[in-house]
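J.: To start, I am sharing the structure in question, which I have written as structure tokens.
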Amino acid sequence: MSRIGKKPIEIPAGVTVELNDLTITVSGPKGKLVREVNRNVFVSIEGNIVNVTRKSEDKNIKALHGLYRSLISNMIVGVSQGFTKKLNVKGVGFRLTKAGNKLTLNIGFSHPCEMTIPEGMDVDLEGNTAIIVKGICKEKVGSFAADIKALRPVEPYHHYGIHYDGEKLIKKQGKTGKR
């Protein structure tokens, strides 16, 4: 039995979970999320508990069991609390601006990088040093944060660039001259 998959998911107050055939819908104070469930995984709702079980003991189906339990749990957390990712920006002359649903990053290139903020997500800026991405879908928040980070990866000598808050950065030693 999957250690992750066999854990029941508790539904908090203010969140409703509906199951129609292979579609699960979770709605709460922050929004609504819908996901298709694989045919080999069974989802049952008993009171305020969601249980996920599987059809057979096949290796791939065991993996799906834990996956769908985690996805449903993340949907419930997303509509009740939401998810955030914080990115730190370090560099001489790096500037961040937000206008409407456009995020403009001046991060050392000859041109500013513009990104459109996806629908259902919010971006906050803390001065010119941090970007906070917020949303209800963990998958979309992580993907958008990774897209921002990919614009200017951290260089290893001075750590200029964009990185996640709390990410461990390893600094390389520069050249040493003979004396």
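J.: With θ taken as phi - 60° and the coefficients 6.51, -1.76 and 1.60, list the Karplus ³J(HN,Hα) couplings across segment 39-48 in order, rounded to whole Hz; mark glycine and proline as x.
T.: Ordered by residue, 3J(HN,Hα) equals 5, 8, 10, 9, 10, 10, 10, 10, x, 10 Hz.
J.: With labels modelled as points extended 7 Å from the Cα through the Cβ direction, what inter-label distance (nm, one decimal) is found for A13 paired with N38?
T.: It is 3.7 nm.
J.: Can you tell me how much longer the chain between A130 and F109 gets when fully stretched, taken as 0.36 nm per residue apart minus their C-alpha distance, in nm with one decimal? Don't skip to the answer; put the middle values down first.
T.: Details: separation 21, 0.36 × 21 = 7.56 nm, distance 1.84 nm.
Extra length from A130 to F109 when fully extended: 5.7 nm.
J.: May I pose another question? Distance cut-off 30 Å, Cα to Cα: go down the list K6/K138; K32/K55; K32/K168; K32/K98 and report the pairs above it.
T.: Working: K6/K138 22 Å; K32/K55 28 Å; K32/K168 34 Å; K32/K98 26 Å.
Table pairs above 30 Å Cα-Cα are K32/K168.
J.: Which one, N106, F144, V123, is farthest towards the positive end of the dipole of segment 102-179 when Lys and Arg carry +1 and Asp and Glu -1 on their Cβ?
T.: The Cα lying farthest towards the positive end belongs to N106.
J.: Taking the solvent-accessible surface of protein heavy atoms with a 1.4 Å probe, what is the per residue accessible area of segment 69-179 in Å²?
T.: 61 Å²
J.: Further question on the same structure: Can you send over the carbon and sulfur percentage of the accessible area for the chain, probe radius 1.4 Å, protein chains only?
T.: Numbers: 5540 of 11190 Å².
About 50 percent, which is the carbon plus sulfur part of the accessible surface.
J.: Along Cα→Cβ, 7 Å out, is where each label goes; now give me the distance between the ones at K62 and E155 in nm to one decimal.
T.: Rounded to a tenth, the inter-label distance reads 4.8 nm.
J.: OK, next. Counting each DSSP H run of 4 or more residues in the chain as -39500 (n - 2.57), what helix-only mean residue ellipticity at 222 nm follows after dividing by all residues, to the nearest 500 deg cm²/dmol? Walk me through the numbers on the way to the answer.
T.: Details: 2 runs with 36 residues, N = 179.
Roughly -7000 deg cm²/dmol at 222 nm, from the helical runs in the chain.
J.: Take each of the peptides 130-136, 29-35, average the number of other beta-carbon atoms within 10 Å over its residues, and list them starting from the highest. It would help to have the intermediate numbers written out before the result.
T.: Working: 130-136: 20.1, 29-35: 15.4.
For the peptides 130-136, 29-35, the packing ranking is 130-136, 29-35.
J.: Rounded to the nearest 20 Debye, what is the dipole magnitude of the chain about its Cα centre when Lys and Arg each give +1 and Asp and Glu each give -1 at the C-beta?
T.: Details: 29 positive and 17 negative charges, 220 e Å.
About 1060 debye.
J.: Any idea which of S44, L19, G135 is furthest toward the positive side of the dipole for the chain, if Lys and Arg beta-carbons carry +1 and Asp and Glu beta-carbons -1?
T.: So the residue furthest toward the plus end is G135.
J.: At most 16 other Cβ atoms within 10 Å plus a DSSP loop assignment makes a site exposed; report the longest stretch of the chain without any exposed GluC sites (Glu not before Pro). Spell out each step's value before the answer.
T.: On the way: sites that count: E57, E119, E167.
Longest run free of exposed loop sites: 58-118.
J.: Now, a different point. What is the distance in Å between the Cα centres of segment 128-146 and segment 24-80?
T.: Cα centres, segment 128-146 to segment 24-80: 23 Å.
The values are calculated or read from the model by the stated rules, or taken from the named source; none is laboratory data. Worth saying up front: this structure is predicted, and the values here are computed from it rather than measured. Here Cβ is always computed from backbone atoms with ideal geometry, including for glycine, and neighbour counts include all displayed protein chains. Only protein heavy atoms, including side chains, enter the accessible area calculation; ligands, DNA and RNA are left aside. Shrake-Rupley method; radii C 1.70, N 1.55, O 1.52, S 1.80 Å.
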